[in-house]
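Chemist: Below is the structure I would like to discuss, written out as structure tokens.
The values are calculated or read from the model by the stated rules, or taken from the named source; none is laboratory data. On a predicted model such as this, the values are computed, not experimentally measured, just so you know. Because the Cβ atoms are built from the backbone with ideal geometry, glycine has one as well, and the counts that use them run over all protein chains shown.
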Amino acid sequence: MLIRPAHDADWPAIWAVMEPTIREGETYALDRAMTREQARVWWMAPGHEVSVAEADGEVLGTCFLRPNQPGPGGHIGNCGYMVAPSAFGRGVARALCQHTQDRARERGFRALQFNFVVSTNARAVATWEGMGFHIAGVMPGAFRRPNGDYVDAFMMFKALV
């Protein structure tokens, strides 16, 4: 698996990875009706270092790295990850997470923080905990699932220094 910087020409493949996750509505606090262009503006925003994971020329996943907050909070990084459903269980999220940790260290971030991990996303929570992140806060009922249930969201954190 190759992880490399994303280019504008990758957008159709990135959207193909993102759209199923957005439409499902179970793991990201995004409008399920988000358009392709809205997603592009958000994911490819200035200040986001976007990467893709690919194998045999196929984009399997994507991530971004950015400062979590401006100014005095800019030493903490924030990331987002999405993996194509066809690539679940193949270590793509883990590889992308390792990549963002390496890049964060190179960029001088002192820690990484995931602001909103849906508690029912057991696969992600287990992956992040397995990579050394811990649940630093719980937001009770912060996420409304498509079925109308309210579930907790976690803030997860890992020091890099």
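Chemist: Looking at region 5-43, which of its residues are touching a helix residue (DSSP H, G or I) at 6+ places or on another chain (Cβ under 9 Å) and closer than 21 Å to Arg105 by Cα?
Modeler: Ala6
Chemist: If the requirement is being among the polar types (S, T, N, Q) and touching a residue at least 60 places away in the same chain (Cβ under 8 Å), which of these qualifies: Thr35, Thr21, Thr62, Thr100?
Modeler: Thr21
Chemist: Yes or no: Val138 aliphatic (A, V, I, L, M), on the phi < 0 side of the Ramachandran plot and over 16 Å from the mean Cα position of the chain (by Cα)?
Modeler: For Val138, the condition - aliphatic (A, V, I, L, M), on the phi < 0 side of the Ramachandran plot and over 16 Å from the mean Cα position of the chain (by Cα) - is met.
Chemist: Then there's this: Can you tell me which of Thr62, Thr27, Thr100 is touching a strand residue (DSSP E or B) at 6+ places or on another chain (Cβ under 8 Å) and part of a loop (DSSP other than H, G, I, E, B)?
Modeler: Result: Thr27 is the single residue among Thr62, Thr27, Thr100 that is touching a strand residue (DSSP E or B) at 6+ places or on another chain (Cβ under 8 Å) and part of a loop (DSSP other than H, G, I, E, B).
Chemist: Could you tell me which numbered condition Pro85 fails, if it satisfies all but one of (1) surrounded by 13 or more Cβ atoms within 10 Å (Cβ to Cβ); (2) touching a helix residue (DSSP H, G or I) at 6+ places or on another chain (Cβ under 8 Å)?
Modeler: (1)
Chemist: Give Gly141, Gly108 a once-over and let me know the one that is in a loop (DSSP other than H, G, I, E, B) and either out of contact with any strand residue (DSSP E or B) (no Cβ under 9 Å at 6 or more places or on another chain) or farther than 15 Å from Asn78 by Cα (or both).
Modeler: Testing whether each residue is in a loop (DSSP other than H, G, I, E, B) and either out of contact with any strand residue (DSSP E or B) (no Cβ under 9 Å at 6 or more places or on another chain) or farther than 15 Å from Asn78 by Cα (or both) leaves just Gly108.
Chemist: Among the residues of region 111-125, write down those that are touching a residue at least 60 places away in the same chain (Cβ under 8 Å) and either assigned to a loop (DSSP other than H, G, I, E, B) or of a type in the set (D, E, K, R) (or both).
Modeler: Correct list: Thr120, Asn121.
Chemist: Here is a list: Trp42, Trp128. Which entry is under 16 Å from Leu160 (Cα atoms), hydrophobic (A, V, I, L, M, F, W, C), modelled with pLDDT of 95 or more and not in a strand (DSSP E or B)?
Modeler: Step by step, each of Trp42, Trp128 is checked, and only Trp128 is under 16 Å from Leu160 (Cα atoms), hydrophobic (A, V, I, L, M, F, W, C), modelled with pLDDT of 95 or more and not in a strand (DSSP E or B).
Chemist: Something else now. Between residues in region 5-18 that are touching a residue at least 40 places away in the same chain (Cβ under 8 Å) and residues that are in a helix (DSSP H, G or I), which pairs lie under 7 Å by C-beta distance while being six or more apart or on different chains?
Modeler: Ala6/Ile14; Ile14/Trp43; Met18/Ala39; Met18/Trp43
Chemist: Report yes if some residue within region 41-50 is free of Cβ contacts under 8 Å to residues at least 60 places away in the same chain and surrounded by 19 or more Cβ atoms within 10 Å (Cβ to Cβ); otherwise report no.
Modeler: Checked against the condition, which is being free of Cβ contacts under 8 Å to residues at least 60 places away in the same chain and surrounded by 19 or more Cβ atoms within 10 Å (Cβ to Cβ), region 41-50 yields at least one hit.
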